[in-house]
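Here's the structure we're looking at; comments come further down.
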């Protein structure tokens, strides 16, 4: 068990860099490069851009051919009249410009969706990175605890065999050792699960992922923040609202009749006469459905704008709550490091010195050692909670903390 546990805590010094360490920045870069969701969002944005390039183009002209008086009572093709013309439809009401506007807003929506997915992905990577780092640090504490526990067992056995200790001391030392091994078993599973999650997010096999490196024990204060209107989530909603309004204008323009103009040449075989022909057509829009469609699109835009405000308020509340959680966890970590850890170390040293001098029992020494280890783990977990809140906060901010 010890070999497996230590191996997992120090695995893969053949990972992403010459130093064999995986930093947060490298993990984020790997996630950007290997994420299928980001690739899908990028392709969607490129598809929207390609669609924009074809929006609002002129309609293709039509080539029209007509033959009149072919056969029947007439003299075959000698009495036939031929007409060859070209027709072009001219869209009115600004339809082409509105099509380009709708396509442009669709591009904005796709680009902001890609930005939203990137923020979500990077936040998940930060959280997974912290989970692995925390389990890695807890594993180091448990490994040290195991080393001390084994030493305690050997000392207890030596004293008992030499007649200077009791059998109870040996049993208590062995019991403490079993508890340490049990805690390592739980930590082993947590570390492996966290590593699998991080490896999945950055797109590499877990067996090839290097040991993590970073400033786990450093935490900077985070001031109160406001959700910016330039955040991709809000920008995407704004683009969707504008796209609905552009669609409403396009629906209104649909009621404007287009005009089709034609010009060509007519040839009458019987008289051997040729002449120019011109024509024009325009539909009679007795039924105007565009206004109803425009009203529906504007109502959808108004509803989405209201939803956007609700989302902004909810996200601002979540951001403020996460900052409060971060500050609470940071305070706990600082108090643990500045108050509890020094006292726990002092208690352990006093117990060890007292045991060596014969003033304290074996039970008191083991209890002091376990208490010190648990406070160290508590400190690591408080830091983990603070880092996790910080990772979630980055999802609400455009700039790096």
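The values are calculated or read from the model by the stated rules, or taken from the named source; none is laboratory data. Quick caveat, the model's predicted, so the values are computed rather than measured. Cβ atoms come from the backbone with ideal geometry, glycine included; neighbour counts cover every protein chain shown.
Candidates in segment 334-374 are the residues that are modelled with pLDDT of 90 or more and buried (at least 19 other Cβ atoms within 10 Å of the Cβ); of these, the one that is farthest from residue 175 (Cα to Cα) is 336.
With respect to residue 182, is the statement that it is out of contact with any helix residue (DSSP H, G or I) (no Cβ under 9 Å at 6 or more places or on another chain), surrounded by fewer than 21 Cβ atoms within 10 Å (Cβ to Cβ) and farther than 30 Å from residue 238 by Cα true? The answer is yes for residue 182. Just the residues that are closer than 21 Å to residue 218 by Cβ and in contact with a helix residue (DSSP H, G or I) (Cβ under 7 Å, 6 or more places away or on another chain), please, taken from segment 337-351. Listed by number, the residues that qualify are 337, 340, 341, 345.
In this entry, residue 242 passes the filter for residues that are under 23 Å from residue 48 (Cα atoms) and assigned to a helix (DSSP H, G or I).
Going by the structure shown, is residue 144 surrounded by fewer than 17 Cβ atoms within 10 Å (Cβ to Cβ), more than 48 Å from the chain's Cα centre (by Cα) and over 30 Å from residue 244 (Cβ atoms)?
no
Take residue 214 and tell me if it is in contact with a strand residue (DSSP E or B) (Cβ under 9 Å, 6 or more places away or on another chain), part of a loop (DSSP other than H, G, I, E, B) and touching a residue at least 12 places away in the same chain (Cβ under 8 Å). Yes; evaluated as a whole, the condition is true for this residue. Summed over segment 261-298, residues that are surrounded by 10 or more Cβ atoms within 10 Å (Cβ to Cβ) and in a loop (DSSP other than H, G, I, E, B) total 6. Hey, any hits in segment 309-317 for a residue that's over 27 Å from the mean Cα position of the chain (by Cα) and without any contact (Cβ under 8 Å) to a residue 12 or more places away in the chain? No, because not a single residue in segment 309-317 is over 27 Å from the mean Cα position of the chain (by Cα) and without any contact (Cβ under 8 Å) to a residue 12 or more places away in the chain. Within segment 47-64, the set of residues being surrounded by 13 or more Cβ atoms within 10 Å (Cβ to Cβ) and under 31 Å from the mean Cα position of the chain (by Cα) comprises 47, 48, 49, 51, 52, 55. State all residues of segment 193-208 that are exposed (fewer than 15 other Cβ atoms within 10 Å of the Cβ), in contact (Cβ under 8 Å) with a residue 24 or more places away in the chain and assigned to a helix (DSSP H, G or I); if no residue qualifies, say none. Hits for segment 193-208 are 207, 208.
Could you pull out the residue among 106, 156, 110, 151 that is out of contact with any helix residue (DSSP H, G or I) (no Cβ under 6 Å at 6 or more places or on another chain) and assigned to a helix (DSSP H, G or I)? I'd like the intermediate steps shown before the answer.
On the way: 106 fails: out of contact with any helix residue (DSSP H, G or I) (no Cβ under 6 Å at 6 or more places or on another chain); 156 fails: out of contact with any helix residue (DSSP H, G or I) (no Cβ under 6 Å at 6 or more places or on another chain); 110 fails: out of contact with any helix residue (DSSP H, G or I) (no Cβ under 6 Å at 6 or more places or on another chain).
None of the other options fit; the residue is 151.
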